[in-house]
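Working notes for the structure below.
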Amino acid sequence: MTTAHHIHTPIPRQLWIKDRCLAVETQFRKSTGRGAFAARFLPLAAVLALTYWNSLQASPPVTAWIATPVAVIATYLVLLVLSHRFHDLGQSGANLLQVILPVFVWLWVGGDLMAKLPPRLWIATAAVLAAWPVIVLLRLCFQPAPQTPKA
């Protein structure tokens, strides 16, 4: 009886899944570069901006049951692309907080917070909350990755 020793031959779909799993495991070993970062980040940021704009409408053009999963997936991919770029620059993924916290305060806490502040302080706070993530994102787009010595 040789059934216990039967050799399983993988089908092409199984080989493709194996290759995808290995690619995900090794994605941080490769550098994306500035152009690849911008090409990945900008469409995702546009999707997030459009879903936010959609949520502001009195009668949204896209229903919430479609927009919400798209926004969740786009947010996850944005965080993945940003953390990969920080990794390429030799920095910690904790630097994502430089982008996430100002955006969170601006979008969800901002209205209540700004109503309690005097106008001069409100304008200064709004300028910092709006400018800091943009500065960080521009740095990610234009800062070259450090060159590692070739062995």
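Data table
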{"read-out": "Selection within region 69-94 - of a type in the set (S, T, N, Q) and modelled with pLDDT of 90 or more", "value": "Thr75"}
{"read-out": "Condition met for Ala127 (more than 15 Å from the chain's Cα centre (by Cα), without any contact (Cβ under 8 Å) to a residue 24 or more places away in the chain and farther than 30 Å from Ala23 by Cα)", "value": "yes"}
{"read-out": "Failed item, numbered, when Phe37 is tested on (1) touching a residue at least 12 places away in the same chain (Cβ under 8 Å); (2) surrounded by 11 or more Cβ atoms within 10 Å (Cβ to Cβ); (3) out of contact with any Lys or Arg (no Cβ under 8 Å at 6 or more places or on another chain)", "value": "(3)"}
{"read-out": "Residue check for Leu82: in contact (Cβ under 8 Å) with a residue 40 or more places away in the chain, within 10 Å of the chain's Cα centre (by Cα) and surrounded by 15 or more Cβ atoms within 10 Å (Cβ to Cβ)", "value": "yes"}
{"read-out": "Flag for Pro133 being more than 20 Å from Ala38 (Cβ to Cβ) and assigned to a helix (DSSP H, G or I)", "value": "no"}
{"read-out": "Flag if Pro60 is without any contact (Cβ under 8 Å) to a residue 40 or more places away in the chain, assigned to a loop (DSSP other than H, G, I, E, B) and in contact with a helix residue (DSSP H, G or I) (Cβ under 6 Å, 6 or more places away or on another chain)", "value": "yes"}
{"read-out": "Residue in region 2-10 that is surrounded by 11 or more Cβ atoms within 10 Å (Cβ to Cβ) and either at pLDDT below 80 or on the phi < 0 side of the Ramachandran plot (or both) present", "value": "no"}
{"read-out": "Selection count, region 81-97, where residues are under 19 Å from Leu44 (Cα atoms) and either among the hydroxyl-bearing types (Ser, Thr, Tyr) or out of contact with any helix residue (DSSP H, G or I) (no Cβ under 9 Å at 6 or more places or on another chain) (or both)", "value": "2"}
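The values are calculated or read from the model by the stated rules, or taken from the named source; none is laboratory data. Note that the coordinates shown come from a computational prediction; the quantities given were computed from them, not determined experimentally. Every residue, glycine among them, receives a Cβ derived from its backbone with ideal geometry; neighbour counts consider all protein chains shown.
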